[in-house]
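So the structure is just underneath, and the comments pick up after that.
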Amino acid sequence: MADATAQQGPSNFTIEHIYLKDCSFESPLSPEIFSSQVSPPEASVDIQTHVNGVEGRPESREVILSVTIEAKSDERSLFMCEVHLAGLVNLTNDTEDALNRVVGIHVPEILFPYVRQTISDLVTRGGFMPVLLQPIDFHAIYEQHANGGEATLNS
């Protein structure tokens with residue numbers, strides 16, 4: 001006997017909109033930081049996802065991929081860049097597990113290149129070298145979280 005997921009077929013979802021929900025860039029030591037000698041920066045990256053229901057649309061979810069980068073040199077903050085990029089997703093014909101996989105894996109995978117480009121643009125416009133975020137395996141992180149492990153995207 002086939003399981004319920006196989007009987008219902010593959011996940012069906014559409015991305016209705018991808019949009020910038022919020023962003024900020026701060027460089028507290030500008031312009032002095034550009035004329036002083038600094039050691040190579042160290043960056044911390046925090047990545048989170050949030051899923052919100054959409055009022056009046058039970059088949060829709062807003063999935064927000066939030067990325068915060070803070071670069072420091074010699075314990076001084078060079079910059080902080082924060083981007084919240086969202087996708088409005090329509091979900092159909094799925095089990096709860098399949099829906100969770102869509103909003104926990106597939107949608108963040110689709111949003112990630114947009115977030116990466118937005119961060120690179122903001123950091124460059126702030127006068128710094130572009131930041132290129134490395135690819136993230138959202139599937140592995142989802143599975144780790146689903147199996148009771150501490151899933152984290154912090155680095």
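Working only within region 46-65, note down all residues that are touching a strand residue (DSSP E or B) at 6+ places or on another chain (Cβ under 7 Å) and either buried (at least 17 other Cβ atoms within 10 Å of the Cβ) or farther than 27 Å from LEU133 by Cβ (or both).
Keep residues of region 46-65 that are touching a strand residue (DSSP E or B) at 6+ places or on another chain (Cβ under 7 Å), which gives 46-54, 59-65.
Selection gives ILE47, THR49, GLY53, VAL54, GLU59, SER60, ARG61, GLU62, VAL63, ILE64, LEU65.
Can you tell me which residues in region 82-132 are touching a Phe, Trp or Tyr at 6+ places or on another chain (Cβ under 8 Å) and of a type in the set (A, V, I, L, M)?
LEU85, ALA86, LEU88, VAL89, LEU91, VAL102, ILE105, VAL107, LEU122, VAL123
Any chance you could count how many residues in region 38-54 are without any contact (Cβ under 8 Å) to a residue 40 or more places away in the chain and within 17 Å of PHE79 (Cβ to Cβ)?
Here is the first cut: in region 38-54, the ones without any contact (Cβ under 8 Å) to a residue 40 or more places away in the chain are 39-42, 50, 52-54.
Filter again for within 17 Å of PHE79 (Cβ to Cβ), leaving 39-42.
Looking only at that region, the number is 4.
Given the options PRO135, PRO113, PRO130, name the one that is in a helix (DSSP H, G or I) and either at pLDDT 90 or above or surrounded by fewer than 18 Cβ atoms within 10 Å (Cβ to Cβ) (or both). Walk me through it before giving the result.
Values: PRO135 fails: in a helix (DSSP H, G or I); PRO130 fails: in a helix (DSSP H, G or I).
Every option except PRO113 fails the conditions.
Which of the residues belonging to region 90-109 are among the charged types (D, E, K, R) and under 18 Å from PRO135 (Cα atoms)? So that I can check it myself, show each step before the final result.
If we filter region 90-109 for residues that are among the charged types (D, E, K, R), which is where we start, we get 94, 96-97, 101, 109.
GLU109 - this is the single residue of region 90-109 that is among the charged types (D, E, K, R) and under 18 Å from PRO135 (Cα atoms).
For the subset of region 86-101 comprising residues that are surrounded by fewer than 18 Cβ atoms within 10 Å (Cβ to Cβ) and assigned to a helix (DSSP H, G or I), which member is nearest to the chain's Cα centre (by Cα)?
Per the criteria, the residue is ASN100.
Based on what the data block shows, is VAL123 among the β-branched types (Val, Ile, Thr) and at pLDDT 95 or above? Please lay out each step first, then the result.
Values: among the β-branched types (Val, Ile, Thr): yes; at pLDDT 95 or above: yes.
So VAL123 passes the test.
Tell me, which residue of region 16-40 that is aromatic (Phe, Trp, Tyr) and under 27 Å from PRO113 (Cα atoms) is surrounded by the fewest Cβ atoms within 10 Å (Cβ to Cβ)?
Of region 16-40, the ones aromatic (Phe, Trp, Tyr) are 19, 25, 34.
Within this subset, residues satisfying the condition of being under 27 Å from PRO113 (Cα atoms) are 19, 25.
Numbers: TYR19: 11, PHE25: 17.
That would be TYR19.
Pairs, please: C-beta under 9 Å, at least 6 apart or cross-chain, first residue touching a residue at least 12 places away in the same chain (Cβ under 8 Å) and at positive phi and in region 65-88, second surrounded by fewer than 18 Cβ atoms within 10 Å (Cβ to Cβ) and not in a strand (DSSP E or B)?
Taking only residues 6 or more apart or on different chains, the pairs are ASP74/VAL38; ASP74/SER39.
In this structure, does GLU70 turn out to be surrounded by 17 or more Cβ atoms within 10 Å (Cβ to Cβ), among the acidic types (Asp, Glu) and outside any helix (DSSP H, G or I)? So that I can check it myself, show each step before the final result.
Details: surrounded by 17 or more Cβ atoms within 10 Å (Cβ to Cβ): yes; among the acidic types (Asp, Glu): yes; outside any helix (DSSP H, G or I): yes.
Answer is yes for this residue.
Among what's in region 1-60 and is in a helix (DSSP H, G or I), at pLDDT 85 or above and not polar (S, T, N, Q), pick the residue that is farthest from ALA98 (Cα to Cα). Talk me through it step by step, then tell me what you get.
Here is the first cut: in region 1-60, the residues in a helix (DSSP H, G or I) are 4-8, 32-35.
Of the ones still in play, those that are also at pLDDT 85 or above are 32-35.
Add one more test, that the residue is not polar (S, T, N, Q), and what stays is 32-34.
Details: GLU32: 51, ILE33: 48, PHE34: 49 Å.
The extreme case among them is GLU32.
The values are calculated or read from the model by the stated rules, or taken from the named source; none is laboratory data. All figures in this text were calculated on a predicted structure; none of them were measured in a lab. Positions of Cβ are generated from backbone atoms using ideal geometry, with glycine treated the same way; all protein chains shown enter the neighbour counts.
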